[in-house]
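Beneath this line is the structure, given in structure tokens, with notes to follow.
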């Protein structure tokens, strides 16, 4: 890694360090030279059983490579520690968010544009990963594996019983909420006591109304959040009017439980919430639809991002072996196993069986009409979820937008400086 890359990575993630942990170093051939050792460190502990199976099956069918996959609960901390100490795994499994942006910018990830398997990945997800780069860089640095989607979950049986139709515009959504209230039913449940849940409806509205590259525009100095998020902020508060009187009083588990028990007709959250809901009511018939924040029917887009992607590190000594591991992970049977276990959406093209609760989003998934979560660009130190919770409490839109701009400049100043220096040196970029 070049010196400036190491320096930037240290500055970007030092605040997140909570412990120093040591694992085995980046591998090539083992001492005997009999097999190439490949290590994956991936950040989804809930998928550990799946990856244990992958490791076992791969090692049973490959004589030239030995694969080790680690799925620790504190994977993000371990990764940061190991990167700073230059003790790299061969492959990392991470989400498509601000951490991927940091890692790419720090030059610790290898260009995998020569990997043939990329040709099978949906172009929309390759583009989503590319858009996360702080400075546009030639090459490709992630193989997207699995995605998730967020919109509005709804009680399908309740909708059918009352004859409610799925809205395709914002006005239709508000009219639906009025109809549901007229039946004495709560349209939405929220779990905003857990601040991270405040981001779900925010993201769903923002992807329709705000430019997909708004954060990059702000970093360049050509836009502000006060202007870019004004309509999003207005509709966010409007949506909350159709939930509990005190949305901060309930947490994520409370909201999942209430929705499962039929206490609301809808729940604006990601598909990841379905297992929790079904644990309360296994017989519940859940479907979903895209948040219709625009009043143009063709203005809607699926809020979807990369939940898990694989990156080969620059320090990997045997890229060909790493690609062989990726080939195995991308085999259709293995992808379907992951989809079944995690209710995920595959980033690979193909006719996969998806969970029924994403049926209402299927046309967007199949057509590639999807846009990344806005919060994937937010620095964690800024705590946008807490800022949104405060906005829900005081409903002061001017103060909320002003704080968003002010805090962005405070917590993103190093990236802003870097982006603007690049603009000065190279001219306007995508």
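Assorted remarks:
- Footprinting exposure proxy ranking of 274, 339, fewest other C-beta atoms within 10 angstrom first, gives 339, 274.
- Only helices enter this figure: runs of n ≥ 4 DSSP H residues, each worth -39500 (n - 2.57), summed and divided by the residues of the chain, yield -13000 deg cm²/dmol at 222 nm to the nearest 500.
- Here the spin labels are modelled as points 7 Å beyond Cα on the Cα-Cβ line, and at residue 64 and residue 52 they lie 3.0 nm apart.
- Förster-model FRET efficiency, 30 Å R0, residue 320 and residue 138, C-beta, rounded to 0.05: 0.90
- Overall form of the range 86-143 per C-alpha gyration tensor (a/c, 1.5; a/b vs b/c): oblate
- Mean separation of Cα contacts under 8 Å, 6 or more apart, over the residue count of the chain: relative contact order %: 24 percent
- Cα long-axis angle, helix 170-182 against the chain (0 to 90 degrees, to the nearest 10): 60 degrees
- Each 10 Å bin, from zero up to the one with the longest distance, holds this percent of the alpha carbon pairs of the range 276-430: 8, 21, 28, 29, 12, 1.
- Springs between Cα atoms under 10 Å define the GNM used for the chain, and in it the highest mean-square fluctuation of 293, 233, 48 occurs at 48.
- When peptides 148-156, 79-87, 417-425 are ranked by their average number of other Cβ atoms within 10 Å per residue, the highest-first order is 148-156, 79-87, 417-425.
- Per residue convex hull volume, Cα atoms of the range 236-292, in Å³: 88 Å³
- Part-to-part distance (alpha-carbon centres) for the range 208-277 and the range 42-99, which is given in Å: 32 Å
- The Cα center of the range 284-312 and the Cα center of the range 156-191 differ in position by 19 Å.
- For the chain, the Kirkwood hydrodynamic radius from C-alpha pairs, put into Stokes-Einstein at 4 °C and a viscosity of 1.567 mPa s, yields a diffusion coefficient of 57 µm² per second.
- Against the main long axis of the alpha-carbon atoms of the chain, helix 384-394 sits at an angle near 10°.
- For the pair residue 276 and residue 393, a Förster radius of 22 Å applied to the C-beta separation gives a FRET efficiency near 0.30, rounded to the nearest 0.05.
- Semi-axis lengths, Å, the range 189-325, gyration tensor of Cα atoms, sqrt of 5 times eigenvalues: 31, 25, 14
- Annotation: the residues 196, 408, sorted from fewest to most other C-beta atoms within 10 Å of their own C-beta, follow the order 196, 408.
- The distance between label points at residue 418 and residue 114 comes to 2.6 nm (points 7 Å beyond Cα on the Cα→Cβ vector).
- Under the simplified labelling scheme, the residue 86-residue 212 pair shows an inter-label distance of 3.8 nm, with each label point 7 Å from Cα along Cα→Cβ.
- Short-range pairs are left out: with C-alpha atoms under 8 Å and at least six residues apart, the relative contact order of the range 202-344 is 25 percent.
- Principal-axis tilt of helix 230-240 within the chain, Cα atoms, nearest 10 degrees: 60 degrees
- Applying 0.36 nm per residue to the separation of residue 386 and residue 295 and subtracting their alpha-carbon distance, the gain on full extension is 29.9 nm.
- Residue exposure sequence - 278, 302, 393 - by fewest surrounding Cβ within 10 Å: 393, 278, 302
None of the figures in this text is laboratory data; all of them are computed from the coordinates on show. Treat the numbers as computed from the prediction; the structure is a model and nothing was measured. Heads up, the Cβs are rebuilt from the backbone with ideal geometry, glycines too, and the neighbour counts pull from every protein chain shown.
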